[in-house]
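Below is one structure, written out as structure tokens, with a few remarks after it.
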Amino acid sequence: KAGVTQTPRYLIKTRGQQVTLSCSPISGHRSVSWYQQTPGQGLQFLFEYFSETQRNKGNFPGRFSGRQFSNSRSEMNVSTLELGDSALYLCASSLGRDSNYGYTFGSGTRLTVV
Amino acid sequence: GDSVTQMEGPVTLSEEAFLTINCTYTATGYPSLFWYVQYPGEGLQLLLKATKADDKGSNKGFEATYRKETTSFHLEKGSVQVSDSAVYFCALSDNLSGGSYIPTFGRGTSLIVHP
């Protein structure tokens, strides 16, 4: 079966612009989470969506937002980009909201802000 | 809060050497434990997991045992290959009251295997 699909794979944006990243989870997975990965901070949790509702949010400014659609696909948006937003953004889907389930990650979107 | 501590890398080994990557954790509840692997240019892949004390997770020759008494989940492999070169992440997921199960990840340990 298809894995978690993230588009685009690479993005280059200018400071002050906004960007939208997309994630299609594994079919049947209703939970989608987003992480930011940087060499300095490692994996940092952004937010989690389940059944179109944001259930958890990490410690990121309001410039970072997301949503989930009825087909479980998710998007995240970053407005007013800063240089420090350059990172690999990973989407992960899970079968349910239970600690016994692992995550399936996509290959990520590499965002570079110049 | 919950946390995961991994040994710092990089870990550099020759092919066929024995691998151990240490992982210890602190958790409020009774977590499930995971190892993920990230190959260059890719996302993380679930390698193995254990959901209760003394469980052993295994996959592709890798093993880890859930040790509640030492709060550890060390990753081991008897004979590494060049293709095992990657970054390995230890993680825990804890069903706190209220249903928050978001995994907490360690910082990752880079493994480099030379021919």
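The values are calculated or read from the model by the stated rules, or taken from the named source; none is laboratory data. From a predicted model like this one, the values you see are computed outputs, not experimental measurements. FYI the Cβ positions are ideal-geometry reconstructions off the backbone, even for glycines, and counts take in every protein chain you see.
Details
- Set B:LEU111, B:LEU47: member being touching a helix residue (DSSP H, G or I) at 6+ places or on another chain (Cβ under 7 Å), within 21 Å of A:SER107 (Cβ to Cβ) and of a type outside the set (Asp, Glu): B:LEU111
- Against the test of being facing another protein chain (nearest Cβ under 10 Å) and at pLDDT below 95, the options B:GLY43, B:GLY9 yield a single qualifying residue, B:GLY43.
- Filter pass, B:SER58 being surrounded by fewer than 18 Cβ atoms within 10 Å (Cβ to Cβ) and either at pLDDT 95 or above or in a strand (DSSP E or B) (or both): yes
- Listed by first and then second residue, the pairs linking a residue in region A:24-48 that is on the phi > 0 side of the Ramachandran plot to a residue that is of a type in the set (A, V, I, L, M, F, W, C), with Cβ atoms under 8 Å apart and 6 or more places separating them unless they lie on different chains, are A:GLY28/A:LEU95; A:GLY42/B:PHE105.
- Close pairs (6 angstrom Cβ cut-off, 6 or more residues apart or separate chains): closer than 10 Å to A:GLN37 by Cα in region A:77-90, among the charged types (D, E, K, R) anywhere: A:LEU88/A:ARG110
- When residues of region A:86-106 are limited to those that are farther than 20 Å from A:GLN68 by Cβ and within 11 Å of chain B (Cβ to nearest Cβ), the one modelled with the lowest pLDDT: A:SER99
- Unmet requirement for B:ALA91, which otherwise passes all of (1) farther than 22 Å from A:GLY108 by Cβ; (2) assigned to a strand (DSSP E or B); (3) among the small types (Gly, Ala, Ser): (1)
- Matching option when the condition is among the polar types (S, T, N, Q), away from every other protein chain (no Cβ under 12 Å) and touching a strand residue (DSSP E or B) at 6+ places or on another chain (Cβ under 6 Å), among A:THR20, A:THR14: A:THR20
- Residue within region A:31-42 that is touching a Ser or Thr at 6+ places or on another chain (Cβ under 9 Å), exposed (fewer than 12 other Cβ atoms within 10 Å of the Cβ) and closer than 14 Å to A:CYS91 by Cβ present: no
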